[in-house]
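Each reported figure results from applying straightforward, stated rules to the coordinates on display, with no laboratory input. Because the structure is a prediction, the values reported are computed rather than measured. Cβ sites come from the backbone with ideal geometry, for glycine too, and all protein chains shown count toward neighbours.
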Amino acid sequence: MKFKPEKIKKILCIKPRGIGDIILSTIILDNLIAYFPSAKIDYLTEEFAKHAVENNPLVNKVLTMKKTDLSIKTAFKIRKEKYDLILDMWSNPWTAQITFFSGVKYRAGFAYRGRKYAYNIHATSERGEHHSAEHNLELLRALNIPIISKHVYYFVSEKEDMLGKNFIEKNVPHGYSIMGIIPSGGWPSKRCDKEKWVEIIKTVSEKYRTKFIILWGPGDETDADFITSRLPEQTIIAPKTDIPAMAGIIKNCSLIIANDSGPMHLAAAMGIPTIGLFGPTNPQMHRPYSENSAYVINKDLFCIVCNFTECPYKHECFTKLPVETVLDKIDYLIGKSRIKIIKNEKA
């Protein structure tokens with residue numbers, strides 16, 4: 001469909017859930033603003049996930065919904081806003097119904113089977129081998145919008161930034177670098193084994209004068225306690241927090257090492273040098289998406305990138321991951337990003 005860019009005054013982007021998915025979807029924002037300079041851009045997310053974009057100065061407003069809400073209820077909420085263009089970056093059956101009943105004139109979504117009816121502008125459904133962040137750009141290509149930026153964003157509020165600074169000032173002795181460890185993972189198979197985390201911290205500590213902050217969420221308690229109990233001198237456990245407060249601590253770290261997870265994407269989007277540990281998922285599609293980030297993977301295993309949520313073997317993608325590869329990536333990022341990580345005198 002053809003339209004005049006200057007006629008588009010209000011745009012709604014739909015990405016309900018997945019903190020990492022929402023953060024990666026912000027790759028579209030610079031491009032939308034450049035093409036529709038007079039338009040306001042809103043987001044629709046689930047309530048728990050709104051923090052992924054609510055502090056973003058490029059986003060005008062965040063509408064929220066609950067997973068249990070009827071599609072028609074959310075659609076009528078959208079109707080009241082009188083949007084000119086809607087981009088359904090989720091394009092599942094639920095959001096397709098919301099988009100269809102929204103009353104928005106221009107409706108763009110992915111051409112997945114059984115959902116084409118909802119949209120009058122169709123993006124390719126092929127994910128290919130590009131990063132999942134870049135898949136969102138297919139919607140812009142369907143609209144003939146030039147791609148001038150591939151930047152993703154996450155912003156921390158001043159309050160959470162200050163909470164992070166205060167925690168570090170109270171808990172990290174002077175003269176130490178700060179690295180964050182994030183043992184979280186949405187699937188059991190994506191979680192690096194707690195014993196391997198201990199190995200990684202020991203090896204890095206031999207070379208760098210560093211304190212490691214263990215950042216954890218629901219379900220991570222056992223791993224976090226194990227790591228800190230084995231290495232009480234090298235580690236500091238973060239307090240129980242929500243993700244926005246965790247982000248405040250992450251922002252004040254020099255470097256982050258994380259499993260493939262939402263907090264990994266959050267760290268990279270804030271510009272913190274980030275190393276992702278990968279096993280069952282493909283880093284070409286899910287690596288931390290920033291120029292000063294990297295990943296490690298035990299690529300020689302026959303079962304690597306299996307996409308199994310539960311490991312049917314012995315979790316060798318992590319148990320046999322060479323710790324030296326993590327140290328090599330740290331060295332690489334220190335050189336590339338020019339971050340200040342203090343070396344031990346004997347190293």
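Annotation: extensible slack from Lys67 through Lys340 equals 93.9 nm (criterion: 0.36 nm per residue apart, minus Cα-Cα distance). Counting only alpha carbon atoms, the long axis of helix 194-207 and the longest principal axis of the chain meet at about 60°. Annotation: the residues Ser184, Ser205, sorted from fewest to most other C-beta atoms within 10 Å of their own C-beta, follow the order Ser205, Ser184. By its C-alpha gyration tensor, with a ≥ b ≥ c as the square roots of the eigenvalues, how is the range 200-347 shaped: rounded for a/c under 1.5, else prolate for a/b larger than b/c, else oblate? Note, shape of the range 200-347 comes out rounded. Note: relative contact order over the range 5-142, using C-alpha pairs below 8 Å and six or more positions apart, is 23 percent.
Phi angles of the range 136-149 translate, via the Karplus equation with coefficients 6.51, -1.76, 1.60 and θ = phi - 60°, into HN-Hα couplings of 4, 5, 4, 5, 5, 5, 5, 9, 6, 8, x, 8, 10, 8 Hz per residue; Gly and Pro are given as x. For the chain, a simple Cβ point-charge model (Lys and Arg +1, Asp and Glu -1, everything else neutral) yields a dipole of about 1240 debye relative to the Cα centre. Its relative contact order, with pairs defined as Cα atoms under 8 Å and 6+ residues apart, puts the range 158-337 at 25 percent. When shorter helices are ignored and each DSSP H run of at least 4 residues is given -39500 (n - 2.57), the per-residue value for the chain at 222 nm works out to -9500 deg cm²/dmol.
Compute the relative contact order of the chain as a whole-number percentage, counting only Cα pairs closer than 8 Å that sit 6 or more residues apart in sequence. Could you put the intermediate results ahead of the total?
Details: 689 pairs, mean separation 55.3, N = 347.
Computed value for the chain: 16 percent relative contact order.
In this structure, the amide hydrogen of Asp260, modeled 1.01 Å from its nitrogen in the peptide plane, lies closer than 5 angstrom to those of Leu277, counting only residues at least 5 positions away or on a different chain. Projecting the Cα atoms of Ile213, Pro232, Thr74 onto the dipole axis of the chain, where Lys and Arg carry +1 and Asp and Glu carry -1 at the beta carbon, places Thr74 farthest toward the positive end. Summarising the label geometry, the points placed 7 Å from Cα in the beta-carbon direction at Thr124 and His174 lie 5.7 nm from one another. Only aspartates and glutamates eight or more places from Lys15 in sequence, or on another chain, were considered; those with a Cα closer than 12 Å are Asp42, Glu46, Glu47, Asp88.
Going toward the positive end of the dipole of the chain, with +1 on Lys and Arg Cβ and -1 on Asp and Glu Cβ, which of Tyr154, Met89, Met246 do you reach last? Towards the positive end, the residue furthest out is Met89.
For the range 316-325, 3J(HN,Hα) computed residue by residue from phi via the Karplus equation (6.51, -1.76, 1.60; θ = phi - 60°) reads 5, 4, 10, 4, 10, 6, x, 4, 4, 5 Hz, glycine and proline entered as x.
Fewest first, what order do Asp84, Asp223 take by the number of other Cβ atoms within 10 Å?
Values: Asp84 16, Asp223 21.
Neighbour counts put them in this order, fewest first: Asp84, Asp223.
With 29 Å as the limit, the listed pairs Lys61/Lys340; Lys150/Lys240; Lys40/Lys190; Lys50/Lys82 have Lys61/Lys340; Lys150/Lys240; Lys40/Lys190 beyond it between alpha carbons.
For Lys105 and Ile148, what is the calculated FRET efficiency with R₀ set at 30 Å and r taken between the beta-carbons, to the nearest 0.05? Intermediate values should be presented prior to the final figure.
Details: r = 25 Å, r/R0 = 0.84.
Here the calculated transfer efficiency is 0.75.
Ranked for footprinting exposure by Cβ neighbours inside 10 Å, fewest first, Arg209, Arg338 give Arg338, Arg209.
Highest mean packing first, where packing is the average number of other Cβ atoms within 10 Å per residue, the peptides 53-61, 6-14, 270-278 line up as 270-278, 6-14, 53-61.
Each other residue within a Cβ distance under 14 Å of Tyr117 adds +1 if Lys or Arg and -1 if Asp or Glu, for a net charge of +3.
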